[in-house]
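Structure, as structure tokens:
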Amino acid sequence: MKIKSILIANRGEIAIRIMRTARRMGIRTYAIKTAKEPNAWYLDEADDIIDFSECLSDTPEFLDIERIIHAVRENNIDAVHPGYGFLAENPIFARRCEEENINFIGPSSEVIYNMGNKTVAKDIARKNKVPLLRGSKGTLLNADYARRFANAIGYPVILKAAAGGGGRGMRVAENEEEVERMYNLASNESAKAFNDPAMFIEKYVAQPRHIEFQILADKHGNIVHLGERECSIQRKHQKLIEESPSPALDPELRETMGNAAVDIAKGVGYFSAGTVEFLLDADRKFYFMEMNTRIQVEHPVTEMVTGIDLIEQMIKVAQGEKLPFAQKDIRLKGHAIEFRINAEDVQSGFSPSLGTIEKISWPESKNVRVDTGVRDGSVITPYFDSMIAKLIVYGEDREKALQESSNAIRKFWIKGTKTTLSFCRAVLQNRNFRKGNFNTSFLSSELKIHYHSEPEEEMLAAFFAVFDFARDLEEAEGKKLNVEKGKNITPWLLNKRLR
Amino acid sequence: MAEKNKGAKNTRKSRMIALSTTEKEYVFTNPLDRKVKYMGETIQIKLYEDPNGFSYVLWKNKKYPLEIIEKNQNKYTVMLNGVWHSFTIETPFSLKRKKFLESQAGTSSSVTIDAPMPGKIVEVLVEEGADVKAGEPILILEAMKMQNEISSHVDGVIRKIAIRQNDSVMKDDLLIEIEKH
Amino acid sequence: MDVNGRNFKKFLERQQVFESQYDSESMKKQHAKGKLTARERIAILFDENTFEEVDAYVSSAKSEGDFGKIKGSFGDGVIIGHGQVHGRLVFAYAQDFNIMGGSLGSIHAAKIMKLQDMALKMGAPIIGLIDSGGARIQEGVASLAGYAGIFYRNVQASGVIPQISVILGPAAGGAVYSPSITDYVFMTNKTSYMFVTGPNVVKEVLNEDVTFDDLGGAEVHAKKSGVAQMIFEDEENTLMGVRRLISYLPSNNLENCPETEPDEDETRDVEEKLRDIVPDDANKPYDVKDVINLIVDKRSFYEISERFAQNLVVGFGRLDGKVIGIIANQPKVLAGTLDIDSSTKGARFIRFCDSFNIPLLTLEDVPGFLPGIDQEHSGIIRHGAKLLYAYADATVPRITVILRKSYGGAYCVMNSKNLGGDFNFAWPTAEIAVMGPEGAVAILYRKELAASDDPAKLKKELAVKYRDEIANPYVADEKGFIDEVIDPAITRKKLKSAFLALENKYITNPTRKHGNIPL
């Protein structure tokens, strides 16, 4: 069952991340090349490239199930790692792999299918006595149903796409008047993004903390949790800064929630890596939200505090090996914070800032880990996400991690696009964040200005603008015009022009 | 006659004002000397410019990476340490002129809603002539796979709708004009 | 002469009266409107201490009757004279709004005409700083006749000496025709405007409400009508812009443009970044100005009519210090298609360069002309023909580099070989064909596509094949319509040597009074 080769059905930083571990394990790696980024860095890190540049259909390359399956068979590749996003939680893809005897590095297609449906997932939680928020048991028939349900549960409510994720296909309705409009907005978005307009409804907890637990399980029934990640710093449900452990949890709550997470995984027959998401309200009550049956973007913070390589474990589990540790062996040491650095213009409401990263540089240190798919000259295209890099900083405790973060961000320089570095700086400056006192409403209510700038910085920018203008003026005025040459016309020409 | 305005051009180079979009005026005399007066001190600034790498300013022993993002005539957008600032470079006279022109325009009665990012118009929620309230959504713009609701930020009447459903727009394109009440 | 005697005293007294016209009160009046005085403008325009005023003391015409009351003055509201700009002789007149509203009376007009005659005699550029209320009603037909005389001389000088108009205040009614005949019109945002009939008359006759700025402000003329080629936010920058433009132009049509020091940096001759700009995907846009800036001497590109017809970029640049005129399709606006506005913009620019012996560089990436009822009914046929005519009629050195698309009629129009292009280069990304691959295969393989089970897929495959076999620059290269397919990285080097070879180019068109360019 040993895996000797893996096709990584993904791109960017996660592709490189998976390839690094695979290479360390002596496994041959294959990457997919697209016409959209023919010079991407991840292609250089793979042992072999499978070229999907020919545009054969309208299906995006990383979503083209049959083409990928075909490529795996043709090249006799043992396994596929889907990364996150794209086909990572697509049960059809997992099933096709199973049918074709390709080792899908992840859970079974059935589990993906079940947990992929939010209402089914909630059912499983309910069966396993895991706390849940009041809401519709199944999907809603239409907006009217939503309205009636909302009136029954009490406002505010959140309308969520059953097939949704990543913050899309969700809208909050504060009162009865808003329900229909929010329903339609969310349903349309879901139909476009996930091909499924089905919605369900839940009581909306105002200002919860988003706490998720990393699960690792093997195919022999052994399941552990690797501690929690605090992911409350979000904007429109997209995570921006994550850390482990959460300043909100004490060992007791950690054990309770961790056990609940393991219970869910057990209840569904999980194996491989996965994440159970909870909401923690102001009264320290937690509620199950959903389970993500894939490796997550923010997995590095867990790796930093547990010392465990999650990708390596995923591959080993896929090979049929038993987990080399039990729950009692899992210890969280120190503190890790991850900052997602995206190509977005914070000052213009985080609007995408596409373009070429001319130069990127960060400080190398033993406490700093940078996962990125971007190097000098990389292009941020509108076809894929706008992530430039993940900056993960480690410290012996949260205070040290915060200090190290400030330092690392100051020395992280990017030229060519606008980035969210100024946002990260603003968060680090915030007193409540430094105290660990925050929840998912942080951006909208706590952080008044989303970017941070020292007082002298505007002055320096102004100086440079004036300097450059003055310099141009000096050059234009000082330029020597050689008029004599203009008057020295050859007799040939002068003769003709005079005519 | 020629004697009269002798120093006109020199004044321009020697005293320049950067007017920020936050209405702050930064005055610099002889900027090419790289000496800046700030908070009571006069400090020498060192500039390191590398067209193929990072440019930065060295100020009180701290390095600030910088980049000119946009430059058009006397309008500049400079990114320093990850935050961009926009300025127009003025002379004392052009600054007075600017202020005069603004006072002339007074409170303009109409407000424009421009596209905050490139995308596609999914739906226009209002009609020309309709009344709108501040905060009321007026159109839906799809960008980077997300549906964004664009709302009016004033109470008023829809004066002009410059786009149609399914139009593609670029950043800053005019979407809707609203006449304030 | 006794400096205390009658003669010198009278001289000084007269000078004092003259200077009192330009006292601080009058300065304040202009400044209060956000405008500079005529003298201040001249001081900025010309090199320090080089301006010499002519006819300063010429007096206004006498008042005549009830309707003809004129406030007499020295100079009659306009300062004329000569000076140096970047060390070269330039003539200029500056209307003084403080004196009878800068209105054009018979003497005022006579002064300007005198200046125009002088400029033409000396073969030096003439700049008009316009700030005038228009024709002086008090002088009736004499004012109008004055305008006509100025227009006549504008036309006589057209193509002989560069003429630039800088609108720094109102220019209404007949006053707008002189600027529109001159080669370049500069305007200052918010304090200058041009229109044939003002808002008052528009309101009276059509009952339409419109402000000065909305009807004929700088933005309107820079963006919509194309009447103003250059627009700046304030007067100082406007005048500095004029100085910059002059540094590219010859003094008259016999001279070559002034040169600057060649770019010392020879490593720029091979510029690998040029390879990265044009995407392989023919439908992806890019900014052609990035290409231009990498080809010309650093910071030497001076764009004309930047806000008008942005699908065609025109302007001046330098190659090793020598001026060239650049015309380039802009793929990121309207996919780079040619339409009415861009055709007229390009045509006028080419005609100017041809008049003044400025060689032309054309960077081509054009999929064709903009389709549509609007364009057709508005006469894209004759406007597009202007661009074609301008190119064919130009006898200056003409070089074309095809960057990417070059389809159909647009291929012919954009300075193709048989239209008289001296050197025609192409980049490997060039696609030269009668029409784009998709369109071509739709026609050539109509039957096969109709019969196929998956026409979309077949069309895609055929389009790829068409691109490989037909729509590439090598076919044209082998037939001799392209001189060479070049590596984008060496474009600058190639152009430098090509223009050098063409320095002495001289050809003539058949002798005739003048051709009949479609108008």
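Values quoted throughout were computed directly from the atomic coordinates according to the rules given, and no laboratory measurement underlies them. These figures come from a predicted structure and were not determined experimentally. Here Cβ is always computed from backbone atoms with ideal geometry, including for glycine, and neighbour counts include all displayed protein chains.
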Review point. Quick one: Cα centre-to-centre distance for the range A:168-215 and the range A:435-459, in angstrom?
Key: 26 Å
Revision key, fill the gap. Excluding residues fewer than 8 positions from A:Lys496 in its own chain, the aspartates and glutamates with Cα under 13 Å of it are C:Glu255
Revision key, fill the gap. Counting other chain Cβ atoms within 10 Å of each Cβ in C:253-259 and taking the mean gives 6
Study note, to complete from the structure: Sorted on mean Cβ neighbours within 10 Å (highest first), peptides C:285-293, C:192-200 come out as C:192-200, C:285-293
Check your understanding: So which lysines pass the test for B:Lys60, namely a Cα distance under 24 Å, with those fewer than 8 places away in the same chain ruled out?
Key -> A:Lys411, A:Lys415, B:Lys24, B:Lys35, B:Lys37, B:Lys46
Practice item. Shielding by partners for A:408-415, please: the mean number of other protein chain Cβ atoms within 10 Å of each residue's Cβ. Key: 4
Revision key, fill the gap. Between the alpha carbon centres of the range A:284-314 and the range B:48-82 the gap in Å comes to 39 Å
Point to revise | For peptides A:182-191, C:353-362, sequence by mean Cβ density within 10 Å, most packed first | key: C:353-362, A:182-191
Revision key, fill the gap. For chain C, the longest principal axis of the Cα atoms and the Cα long axis of helix C:106-122 enclose an angle in degrees, to the nearest 10, of 50 degrees
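Enter the mean projected area of the convex hull around the alpha-carbon atoms of the range C:1-112, in nm², rounded to one decimal.
9.2 nm²
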Review point. How much of the DSSP beta bridge set in the protein assembly as shown is antiparallel, as a percent to the nearest 5?
Key: 75 percent
Point to revise | the protein assembly as shown: equivalent-ellipsoid semi-axes (sqrt of 5 x gyration tensor eigenvalues, Cα, Å) | key: 64, 36, 29
Practice item. Could you work out how far the C-alpha centroid of the range C:101-122 sits from that of the range A:341-375, in angstrom? Key: 61 Å
**Study point:** Dimensionless Rg ratio for the range C:246-347, taking C-alpha atoms and the 2.2 N^0.38 Å reference
**Key:** 1.18
**Study point:** Loop trypsin sites (Lys or Arg not before Pro), the range C:20-66 (other Cβ atoms within 10 Å of the site Cβ: 16 or fewer; DSSP)
**Key:** C:Lys33, C:Lys62
**Study point:** Among the listed pairs A:Lys266/A:Lys316; C:Lys345/C:Lys405; C:Lys223/C:Lys273; C:Lys9/C:Lys62, those beyond 23 Å (Cα-Cα)
**Key:** C:Lys223/C:Lys273; C:Lys9/C:Lys62
Practice item. Please work out, to two decimal places, the log10 of the ratio I(q)/I(0) at q = 0.16, 0.17, 0.21, 0.23 Å⁻¹ from a Debye calculation in which every Cα of the range B:2-105 carries one identical scatterer. Key: -0.87, -0.96, -1.31, -1.44
**Study point:** Cross-link reach list, aspartates and glutamates versus A:Lys219, counting only Cα pairs under 17 Å and skipping chain neighbours closer than eight places
**Key:** A:Glu98, A:Glu110, A:Asp263, A:Glu312, A:Glu321
Exercise for review: Per residue of A:469-479, count partner chain C-beta atoms within 10 Å of its C-beta, then hand back the mean as an integer.
Suggested key: 6
Review point. By how many degrees, between 0 and 90 and to the nearest 10, does the Cα long axis of helix A:251-268 differ from the longest principal axis of chain A?
Key: 80 degrees
Exercise for review: Working from Cα positions, state the angle (0 to 90°, nearest 10) between the long axis of helix C:340-355 and the longest principal axis of chain C.
Suggested key: 70 degrees
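Do any chymotrypsin sites (Phe, Trp or Tyr not before Pro) in the range C:1-61 lie in a DSSP loop with no more than 13 other beta carbon atoms within 10 Å, and if so, which?
C:Tyr57
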Review point. So, by mean Cβ neighbours within 10 angstrom, what's the order for C:478-490, A:70-82 with the highest one leading?
Key: A:70-82, C:478-490
